[in-house]
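I have placed the structure first, in the form of structure tokens, so that the comments after it can refer back to it.
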Amino acid sequence: MSTRTTLEARNGPSAQPQPVAGLGTLIRLIIRRDRVHGPAWVLGIVLLVLVGAASTIGLYNTAEQLQNYADLTSGQAAIKAILGPGYGLENPTQGAVVMDEMALITFIVIALMSIFLMVRHTRADEESGRAELVRAAPVGRLAMLVAASIWLTVLNVLVAVGNAVSMVALGLPAEGSLAFGVAGLGVGLVFMGVAAVAAQLASGGRAATAIAGAALGISYLIRAVGDVGWGWLSWLSPLGWAIGIRAYADERWWVVLPLLALALAMGALAVALSARRDFDAGILPQRPGPARASGLLSTPLGLVFRLQRASLIGWTVGIAIMGLVMGLIADEAQTLAENDSVAELLTPAATGSLTDAYLATMAVMLALAAGGFAVSAALRLRSEESAVRADPVLAGPIGRVRWAAGYVLVAVGGSAVILVVAGLLTGLGTAVSLNDISEVLPVTGAFLAQLPAVFVLIGVTVALMGWVPRWSAIAWAALAFVVIVGLLGDLLQIPHWVRSISPFDHIPLLPAEPMQWLPIVVLTAIGAFLAGIGLVGIRRRDIG
Amino acid sequence: MSVAISLRNVVKTFGSSRALDGLDLEVATGEVHAYLGPNGAGKTVTIRTLLGLLRPDSGEARLLDGDPWRDAVELHRRIAYVPGDVNLWPSLSGGEIIDMLGRFRGGIDPRRRDELMDRLELDPRKKSRTYSKGNRQKVALVAGLASDAELLILDEPTSGLDPLMETVFQQLIFEVKEQGRTVLLSSHILAEVEKLCDRVTIIRQGRAVQTGTLDDLRVKTRTSISVATARPVEGLDALAGVHGIRTEDQRLHFEVDGDNLEAVITHLGGFGVRSLVSQPPTLEELFLREYGDDVVPDDAAASPA
């Protein structure tokens, strides 16, 4: 700030408003707070890309191996839905294969980084009251938003550079590597803007993250439908644009323009919304609550359910819609694989049809998504404890095990609800697309059969909270592991013993495989054992 | 006298720091007991230990004839707790939280609840994310006081209340006392302590440094004396416990330790006392003496002669 502007500021009301005053100090504050988070995200993403790409390149060396990969994926609707359309696989290069496997997942993780960190430095800080101290200082109205955006832009650029350099270092062509990095940067900036808008709409950090996360989910879903069936739909999704840069497959650089335009538009919208609202208030209205508690709030379990009800509904609706859409495009699974040799390759040793294989993959994928709910629901116990909201409950005649068991029950029960509803809707979608109502119950059963694996994830989370509460967030790493192993295990040819660590690896692939009860029983027992250990830990440690 | 709370030589460490360092605390049934100490002295750790949220490393803790850790659930049916930093569920309304916490302990008397909300002027329909600190505290107070608990544990319950509500709170505690219930009150508001409390315990660095009635505590500190005598006083400085003797306007001013007061007064009697003003230490001086390192500011002790 120059001397002149300082003088103007002292002249009172006649001075110019300074919307970003204090920006430099705020950026330093953010860097200090993110000195672990920021580097961890950047290094984590770059390492994920580097390791994933290196192992892919190691697996697919010869033209024959590359062609095998292309044949394997070209017929599978499930793979197109999960990984993208596979640009360049008609004439496969190593770069094209790496992109098919890694690009979309990388973009999603980049988007998550932008969402989490943007909300952390804007809405979550307002909610906690910390931002009030900052805003009471001579700091402009937009300074926090702008400071967080600058910091996230820096992180996104670092990720882009890291990814491009990794690819070049692995021997892939420079132009495609740059395109991959730039596309990721575009996605990161778009969802930075989306999160900034969500932070103005919602009045809590959790709600803001949920809104931005839903936007990411919708982008993914629209693109999935487009990539499997109606190709034009993919052009309505920023993830579709980013994939559409066609790295290593005749790059289309112009897709950067819509990405940047959307990012700028979101940023402008966030600024406009932020000028229209009060501090710590969202644009979405707050209604008064009831003066009396309903019967639900009579037990600790009721409280846990009430606190998570909105989140459970959100996860259920999101995953069920994804299931419905995946079901509705199930007939594509057959048309895509009319080639006999592919069909032979795809059909598991058992009796299942191609559609059954597709549905089995969907059950695993959506159960992994339900695992996201399960881990976050169980971790609520820890966040309630950290926020000193456990004390008023435990100061009543409520035992710790009863208190903690409420979180386990809601996590398990909520996951069951998600799986059943998503299974039903996937089955209904399949029934409509195949004109065969008999699919509904088997598909629902296939989804529900995943519950014991989700239960194991919950057990791991509870055990962490019981014995190493400060390290509870490791549960997210466990989720990331089962997701990577579950979705990319085959393509990355991850060794079997590594895959067998994931509980999802042991669940029979219904409806493509026959039912096996042994793994179901064993996994349920493991989940119960881990949760039990966790409860014992919670019983004997300090609270707080 | 039966005992509601008894801590003996309780130690609680967090890593290398000793939050409670051999703490003794005894609260008799039916009394209002003030629990005082500077910030970070260990008051909240004590209370969370009494609630069975923290497990003491060593020492003996008894609460209503039970073990606060082992018998937590049974004991909590008989106690009510109001925290100082009230953290509530942002998406629930104040009314919902009060009902819920009441039901956890087996139901809430709706008339008592409505009366308390009325007296404390709490709007139960607001979501708790929109409550101010004072209003969050009111939610916790209504939830705690609406119960018929025999022991109330209050951790700085009025730090966010306005003076009007502070008066209402004091009235409510008087009523609780009349019903013969026990209160452990941690507070920094000394006027409140002076009005409400039967006995006081002061802790510093995890140890109880003083405990007793306010009168007991006053004995343990210095009283300022201003005296005019017929004959000049001799030999005063030779007596034990006499400090800061000076003469001003032909009056003798000095301070004397509570324990030595009687001997000093007897000694003065031999010189023909014409007038004598004795000023007991204010509660504030008492605390300054206990909180700070033995420092009673000289002017504060001497000025109100």
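The values are calculated or read from the model by the stated rules, or taken from the named source; none is laboratory data. All values reported here derive from a predicted model rather than from experimental measurement. When we count neighbours, we look across all protein chains shown, and the Cβ atoms used for this are built from the backbone with ideal geometry, even at glycine.
Assorted remarks:
- Which numbered condition residue B:69 misses (of (1) more than 7 Å from chain A (Cβ to nearest Cβ); (2) surrounded by 20 or more Cβ atoms within 10 Å (Cβ to Cβ)): (2)
- Residue B:175 being more than 14 Å from every other protein chain (Cβ to nearest Cβ) and assigned to a helix (DSSP H, G or I): yes
Each row is one residue, and each column tells you yes or no for (1) more than 24 Å from the chain's Cα centre (by Cα); (2) hydroxyl-bearing (Ser, Thr, Tyr); (3) not in a helix (DSSP H, G or I).
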{"residue": "A:19", "(1), (2), (3)": "yes, no, yes"}
{"residue": "A:30", "(1), (2), (3)": "no, no, no"}
{"residue": "A:53", "(1), (2), (3)": "no, no, no"}
{"residue": "A:57", "(1), (2), (3)": "yes, no, no"}
{"residue": "A:68", "(1), (2), (3)": "yes, no, no"}
{"residue": "A:71", "(1), (2), (3)": "yes, no, no"}
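- Checking each residue in region B:148-162 for being part of a loop (DSSP other than H, G, I, E, B), aliphatic (A, V, I, L, M) and over 19 Å from residue B:66 (Cα atoms) picks out only B:161.
- Hey, residue B:55 at the interface with chain A (Cβ under 7 Å from one of its Cβ atoms), under 15 Å from residue B:151 (Cβ atoms) and out of contact with any Gly (no Cβ under 6 Å at 6 or more places or on another chain) or not: no
- Within region A:480-492, residues that are under 18 Å from residue A:508 (Cα atoms) have Cβ atoms under 7 Å from residues that are of a type in the set (Lys, Arg) and at pLDDT 90 or above in these pairs: A:485/A:499; A:489/A:499, counting only partners at least 6 apart in sequence or on another chain.
- Residues in region B:181-207 that are more than 13 Å from residue B:43 (Cβ to Cβ) and basic (Lys, Arg): 3 in all.
- Lone qualifier among B:91, B:128 - being crowded, with 16+ Cβ neighbours inside 10 Å, among the small types (Gly, Ala, Ser) and at the interface with chain A (Cβ under 8 Å from one of its Cβ atoms): B:91
- Taken together, B:202, B:245, B:225 contain a single residue that is within 11 Å of the chain's Cα centre (by Cα) and not in a loop (DSSP other than H, G, I, E, B), which is B:202.
- Against the conditions (1) modelled with pLDDT of 90 or more; (2) within 11 Å of another protein chain (Cβ to nearest Cβ), residue A:305 satisfies every one except (2).
- Check on residue B:293, at pLDDT below 85 and not in a helix (DSSP H, G or I): yes
- Condition check for residue A:379: more than 30 Å from residue B:136 (Cα to Cα), part of a helix (DSSP H, G or I) and either of a type in the set (A, V, I, L, M, F, W, C) or under 22 Å from the mean Cα position of the chain (by Cα) (or both): no
- One residue from B:63, B:36 being more than 17 Å from the chain's Cα centre (by Cα), more than 11 Å from chain A (Cβ to nearest Cβ) and touching a residue at least 60 places away in the same chain (Cβ under 8 Å): B:63
- For region B:163-170, the criterion of being of a type in the set (Asp, Glu), out of contact with any Cys (no Cβ under 8 Å at 6 or more places or on another chain) and not in a loop (DSSP other than H, G, I, E, B) is satisfied by at least one residue.
- Summed over region B:104-113, the residues that are within 30 Å of the chain's Cα centre (by Cα), at pLDDT 90 or above and within 10 Å of chain A (Cβ to nearest Cβ) give a count of 1.
- When we screen A:284, A:260, A:239, A:297 for residues that are more than 30 Å from residue A:170 (Cα to Cα), part of a helix (DSSP H, G or I) and not acidic (Asp, Glu), the only hit is A:297.
- Checking residue B:117 against (1) assigned to a helix (DSSP H, G or I); (2) within 12 Å of chain A (Cβ to nearest Cβ); (3) within 22 Å of the chain's Cα centre (by Cα); (4) more than 30 Å from residue A:205 (Cα to Cα), the condition it does not meet: (3)
- Of the residues making up region B:261-290, those that are outside any strand (DSSP E or B), modelled with pLDDT of 85 or more, surrounded by 13 or more Cβ atoms within 10 Å (Cβ to Cβ) and touching a strand residue (DSSP E or B) at 6+ places or on another chain (Cβ under 7 Å) are B:261, B:264, B:268, B:271.
- Scanning region A:508-522 for residues that are within 10 Å of residue A:446 (Cα to Cα) and under 28 Å from the mean Cα position of the chain (by Cα) turns up A:508, A:509, A:510, A:511, A:512.
- The lone criterion from (1) more than 11 Å from chain A (Cβ to nearest Cβ); (2) surrounded by 22 or more Cβ atoms within 10 Å (Cβ to Cβ); (3) in contact with a helix residue (DSSP H, G or I) (Cβ under 8 Å, 6 or more places away or on another chain); (4) not hydroxyl-bearing (Ser, Thr, Tyr) left unmet by residue B:137 is number (3).
- Counting only helices (runs of 4 or more DSSP H) that sit wholly inside region A:389-453, those with at least 3 residues that are more than 14 Å from chain B (Cβ to nearest Cβ) and either of a type in the set (S, T, N, Q) or touching a residue at least 12 places away in the same chain (Cβ under 8 Å) (or both) are A:400-434, A:440-448.
- Region A:308-334, subset of a type in the set (Val, Ile, Thr) and free of Cβ contacts under 8 Å to residues at least 24 places away in the same chain, residue nearest to the other protein chains (Cβ to nearest Cβ): A:313
Matching residues to (1) among the β-branched types (Val, Ile, Thr); (2) away from chain B (no Cβ under 14 Å); (3) farther than 15 Å from residue A:361 by Cα:
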residue: A:509; (1), (2), (3): no, yes, no
residue: A:512; (1), (2), (3): no, yes, no
residue: A:516; (1), (2), (3): no, yes, yes
residue: A:521; (1), (2), (3): yes, yes, yes
residue: A:527; (1), (2), (3): no, yes, yes
residue: A:535; (1), (2), (3): no, yes, yes
residue: A:539; (1), (2), (3): no, no, yes
residue: A:542; (1), (2), (3): no, no, yes
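- Residue in region A:464-475 that is touching a Phe, Trp or Tyr at 6+ places or on another chain (Cβ under 9 Å) and modelled with pLDDT under 95 present: no
- Helices (runs of 4 or more DSSP H) (entirely within region A:117-210) containing at least 1 residues that are in contact with a Phe, Trp or Tyr (Cβ under 7 Å, 6 or more places away or on another chain) and among the charged types (D, E, K, R): A:123-128, A:130-136
- Hey, residue A:63 closer than 21 Å to residue A:170 by Cα and surrounded by 20 or more Cβ atoms within 10 Å (Cβ to Cβ) or not: no
- Answer from A:510, A:518, A:448, A:492 - the residue that is within 24 Å of residue A:329 (Cα to Cα), out of contact with any Cys (no Cβ under 9 Å at 6 or more places or on another chain) and surrounded by fewer than 22 Cβ atoms within 10 Å (Cβ to Cβ): A:448
- Selection status of residue B:147, modelled with pLDDT under 95, polar (S, T, N, Q), farther than 28 Å from residue B:39 by Cβ and in the same structural domain as residue B:44 (by TED's automatic domain parsing): yes
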